[in-house]
Amino acid sequence: MASFNTHITVAAVASGLLATLCLQVGFIGTGDALLLTLAGTIGGILPDIDLQHSYASRIIFSLLGMIISFLWIFSTENQLSILELWIIGLIIFAFIRYPVWMVFHKYTKHRGAIHSLLAAFVFALFTTTISYQFFAKTDFISWLIGLLVFYGFIIHLVLDEIYSVDFMNHRIKRSFGTAMKIIDTKQYIISVILIALGGVSFWFAPNSDQFLDTLSAPQTYQIIWSRMLPTDLNLIGVIK
């Protein structure tokens, strides 16, 4: 499989490019562009949260704890004191970093149910719902955040499959096919939990009409194409 550094680097670059596109065509503001880049980067390392007691796993849960803590703090209205915000933020971080981390690794194994397309959809839905219900993001932005998580997640799975092929020796490693699967039937309990989580997330998810209409509208891609290249090529010396 690809290394942790490869996963986080590729996911960050790919997410940054997509977030830049959304920013330049006017879908989002600068703050949300940074958030989308972060969402895609997290999605790119999310499948490795089931690496039991590894350095990468500790980093991922620490990052998740910090991100959720700060998102909660920044979305909270000024009804609490600074000290109260700090204390609650630390409690949220500690809860995710230690108890959640330990319980999660007790019941999962690497390249199990988490390394699947089902998990990609569920984490995307869950992120969308959390963004809307707890962090007061709009319908459209919430679905964009979920899309970026899905985007980063899929990049991770594809990279793992690519690294399962030894191109130099023209052979396929035993790990090939264990990352890009639809669902894990061996870890059926975790898969059932993922399906249940996806169902609950979908039930509480925001309205997706604006998001789907924007993605399916021909005008969207006309705008993207019109902003893709410089309008005045003389400015960059392409045309003398």
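The values are calculated or read from the model by the stated rules, or taken from the named source; none is laboratory data. Since we're looking at a predicted model, the values are computed, not measured. Virtual Cβ from ideal backbone geometry, glycine too; neighbours counted across all protein chains shown.
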Worksheet, complete the sentence: From the option list ALA124, ALA179, single residue qualifying as of a type in the set (Gly, Ala, Ser), at pLDDT below 95 and within 18 Å of ILE8 (Cα to Cα) is ALA179
Response to the item:
The condition from (1) at pLDDT below 85; (2) more than 15 Å from the chain's Cα centre (by Cα) that LEU64 misses is numbered (2)
Worksheet, complete the sentence: The residue that is farthest from the chain's Cα centre (by Cα), considering only those in the stretch 125-144 that are among the aliphatic types (A, V, I, L, M) and surrounded by fewer than 20 Cβ atoms within 10 Å (Cβ to Cβ), is ALA136
Response to the item:
Of the listed residues (ILE91, ILE82), the one being farther than 18 Å from SER142 by Cβ, modelled with pLDDT of 90 or more and surrounded by fewer than 16 Cβ atoms within 10 Å (Cβ to Cβ) is ILE91
Worksheet item: Mind checking whether some residue in the stretch 160-175 is aromatic (Phe, Trp, Tyr), at pLDDT 85 or above and either within 22 Å of the chain's Cα centre (by Cα) or in a strand (DSSP E or B) (or both)?
Response: no
Response to the item:
Matching residues in the stretch 1-32 (assigned to a helix (DSSP H, G or I) and out of contact with any His (no Cβ under 8 Å at 6 or more places or on another chain)) number 22
Fill in: Pair list, Cβ < 8 Å and 6+ apart or interchain, from the stretch 206-233 residues that are exposed (fewer than 11 other Cβ atoms within 10 Å of the Cβ) to residues that are modelled with pLDDT of 90 or more and hydroxyl-bearing (Ser, Thr, Tyr)
none
Practice prompt. For the stretch 1-48, name all the residues that are out of contact with any strand residue (DSSP E or B) (no Cβ under 9 Å at 6 or more places or on another chain), within 16 Å of HIS156 (Cβ to Cβ), buried (at least 22 other Cβ atoms within 10 Å of the Cβ) and not β-branched (Val, Ile, Thr).
Written response: MET1, HIS7, ALA11, SER15, ALA39, GLY40, GLY43, GLY44, LEU46, ASP48
Fill in: Among the residues listed as GLN219, GLN210, the single one being under 23 Å from the mean Cα position of the chain (by Cα) and either modelled with pLDDT of 90 or more or part of a loop (DSSP other than H, G, I, E, B) (or both)
GLN210
